[in-house]
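S.K.: My questions will all concern the structure given below.
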Amino acid sequence: MLAIFRGAFLLLLLCVNFAQAADTGWMQSPQNDHARIRLQAEKTDNSIHALLYVELAPGWKTYWRSPGEGGVAPKITWDNKTDAQWYWPVPSRFDISGLTTQGYHEQVIIPMVIEDAGLTNLSGTLTLSTCSNVCVLTDYPFKLDLNQPVDAQFAQDFSTAMAAIPANKGVAEDIAAQWQGDTITLTAHSDMGWNKPDIFFDPLKNGATPGKPRMKIQGNTLVVQVPVTDEWGDKPGNLNGEWMSFVLTDKGLAQQSNVQIGPMSSATDIADSSGTALWRIMLFALTGGLILNLMPCVLPVMGMKLSSVLNAGTDRRRIRLRFLATTAGILTSFAVLAALMTVLKLSNAALGWGIQFQNPWFIGFMVAVTFIFSLNLFGVFELFLPSGLSSRFAVVGGNSLLGSFSEGAFATLLATPCSAPFLGTAVAWALSSSLVEMWIVFLTLGIGMSLPWILVALVPRLALLLPRPGKWMNTLKLLLGLMMLGSSLWLASLLTIHTGTRATIFTSLGMIAITLFALVKTGTWKNGHLLVLTTLLALAGGYQLNTLINLSSETSSQVEDAIHWKPLSEEAITQALAENKKVFVDISADWCVTCKVNEHRVLNQPDVVEALNQPDVVALRGDWSKPSDLITQFLQKRNRYAIPFNEVWLPGHDEGQILPPLLDKKTVLNALNNGK
């Protein structure tokens, strides 16, 4: 008998343990066989993450946080005092018997963040309203033991669920709301235009309820007219000054917005601004392309330009033709980039400025091209090619119009790892707009980058202001060749993550050895010049070797050692903000020269390092050196397609502050200190 009681007692313990697991399993009420629910939870350092799964039979639905003109939102009545933040996915709209409701059908996953991490269990009752031709209100009691393990897939499921929650931007800007009578008119501007927008409203604080919206697209402006009634179904009172909360969706993106309602102004103000959007972006593109000439990654390209000027002589007609040929090379390259983006866009692949540098074959091609250009400047082509072909290639790469065209083309390719002011805005708008508008913006970028060349082509005497040809040209060609070889070595270092450190070291040292051998063998440079060049190349080889060895070490980066970086994710941002911490986001890549400039000039400075290592700051880093869906989606959610990307989030703020591409210490420190 004692053995029987002991066995029963153990069985009871097992049952209690099962009932208190961190996963309820699928639960279904005998009174409602049209729905089943499941709750999972997991403790983190300072909070509890939970997921509510709801599955519904065909033809049945449940409700969003704001059900609309009828219905009841899901609700949990907790047994203990629990502060849970619900995060609601984008709902659908249902029209039944003249009433408009907002909710979900088939299935929905609702993530929650519970602040009190000291809890050891969660218990309560979920009240769920489900409707078809009839509505059923069902209670689901539950109890979760947080000391028990949860599904190994839970963390990934929670991150995926949070990624589906509407962001605070990305769909529209310049949103305004105006009220007159029983109608609120919303206007929302989007530089990328509109496809199939939708909108879902929360009730106003005074009890007024928005009805089914009527939407009209006027250029790049969306006009939404929504009827509003009070809680009795009558005309609402004064709505002037009330705040309106809603979720706006389009093109697979969703944005949570809050806007204050004002009185209705004249109808002519509603959507006039949309027609100038393309022209405004074209101005950004023109400015961004011009500034691109001054970015640090274009310095080797400037060497190619100076070399071209020297070879042009004093013939104004020849100068004009050469500069026009280089302009054609730049414009053609931007057209090729636009064509590449068109193919990627039509195939739904990842889009981004400079993403071709994620491809090892492209990097290898650029290494070969820049190495050939450096040897051309050193005057040693005959070492590698038959005499006839060598002479022809030297002419093509040197004094011919085709050579000038090539200089413009490769100048553009070398410039693409950089993100300049205005460039990011123009590229983001272009990649998210129609194909025709994308081509217009990319060609405008090319015109902007070509403006200095176009200016010299129009006024050739500007090129004649340079000193007359002489011995100084040999010294300048030496410097230009070193700049181009340095560019080739930098590009070779980008192959490390693809081919390994050893292969990259052999490639880099091989290029330096070939250059030295070629110079000695051909006798191109003699006496002092050869000694200086040999010394500089030896130093460059030592520096490259040291850099590549450091890159392969776990303690390679001074910045990574000094700053306590954590992996970038939307979940990490949400968790940090829930813990009342500030967040600094940095997305960079090995091929992004502007990113490296930001690291050297700003991020590895002692005062910035100290600020980012404060206990109330979380530093998150994403590496886009290789293709990454997570980073691509992270950038696209913020309507960004280029790096460097830096963003600062402060507790209590609805959205982050995106910093300019070129950082400075004052901007970073001010953005972080605003939280104080």
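Readers should treat all values here as calculations from the given coordinates under stated rules, not as data from a laboratory. These numbers were taken from a predicted model, which means no experiment stands behind them. In this analysis, Cβ positions are derived from the backbone assuming ideal geometry, glycine residues included, and neighbour counts consider all displayed protein chains.
S.K.: Step through the residues of the stretch 598-607 one at a time and calculate ³J(HN,Hα) from phi using the Karplus curve (6.51 cos²θ - 1.76 cosθ + 1.60, θ = phi - 60°), rounding each to whole Hz and writing x for Gly and Pro.
M.R.: Along the stretch 598-607, the couplings run 4, 4, 5, 7, 10, 5, 9, 6, x, 5 Hz.
S.K.: Continuing with this model, one more query. Take peptides 181-190, 74-83 and line them up by average Cβ neighbours within 10 Å, highest first, as a rough protection proxy.
M.R.: Highest mean packing first, the order is 181-190, 74-83.
S.K.: Still on this structure: With an 8 Å Cα cut-off and a minimum separation of 6 or more residues, compute the relative contact order for the stretch 173-270 in percent. Please report the intermediate quantities before stating the final value.
M.R.: Numbers: 204 pairs, mean separation 31.7, N = 98.
Relative CO of the stretch 173-270 lands at 32 percent.
S.K.: Another question, if that's okay. Evaluate the charge dipole of the stretch 17-163 about its Cα centre and quote only its size in Debye, nearest 20, assuming +1 on the Cβ of each Lys and Arg and -1 on the Cβ of each Asp and Glu. Could you put the intermediate results ahead of the total?
M.R.: Values: 9 positive and 16 negative charges, 59 e Å.
So the dipole magnitude of the stretch 17-163 works out to roughly 280 debye.
S.K.: From the gyration tensor of the Cα coordinates in the stretch 558-673, what semi-axes in whole Å does the equivalent ellipsoid have, largest first, with each one equal to sqrt(5λ)? All intermediate terms of the calculation are to be shown ahead of the outcome.
M.R.: Working: eigenvalues 71, 65, 33 Å².
Each semi-axis is √(5λ); the values are 19, 18, 13 Å.
S.K.: For LEU659, which sequence-distant residues (separation of 5 or more, or a different chain) have an amide H within less than 5 Å of its own amide H, given hydrogens modelled in the peptide plane?
M.R.: Residues meeting the amide H criterion: ASN646, GLU647, VAL648.
S.K.: Would you mind ranking VAL602, VAL459, VAL171 by Cβ crowding within 10 Å, fewest neighbours first?
M.R.: Values: VAL602 21, VAL459 13, VAL171 26.
The order, fewest Cβ neighbours first, is VAL459, VAL602, VAL171.
S.K.: Another one. What is the extension gain from ASN674 to GLN107, computed as 0.36 nm multiplied by their sequence separation minus the C-alpha to C-alpha distance, in nm to one decimal? Present the calculation step by step, with values, prior to reporting the outcome.
M.R.: Numbers: separation 567, 0.36 × 567 = 204.12 nm, distance 4.13 nm.
My answer for the length gained is 200.0 nm.
S.K.: Tell me, what HN-Hα J-couplings in whole Hz come from the Karplus equation 6.51 cos²θ - 1.76 cosθ + 1.60 at θ = phi - 60° for each residue of the stretch 169-179, using x for Gly and Pro?
M.R.: Each residue's phi maps through the Karplus curve to give 6, x, 9, 8, 9, 6, 8, 9, 10, 10, 10 Hz.
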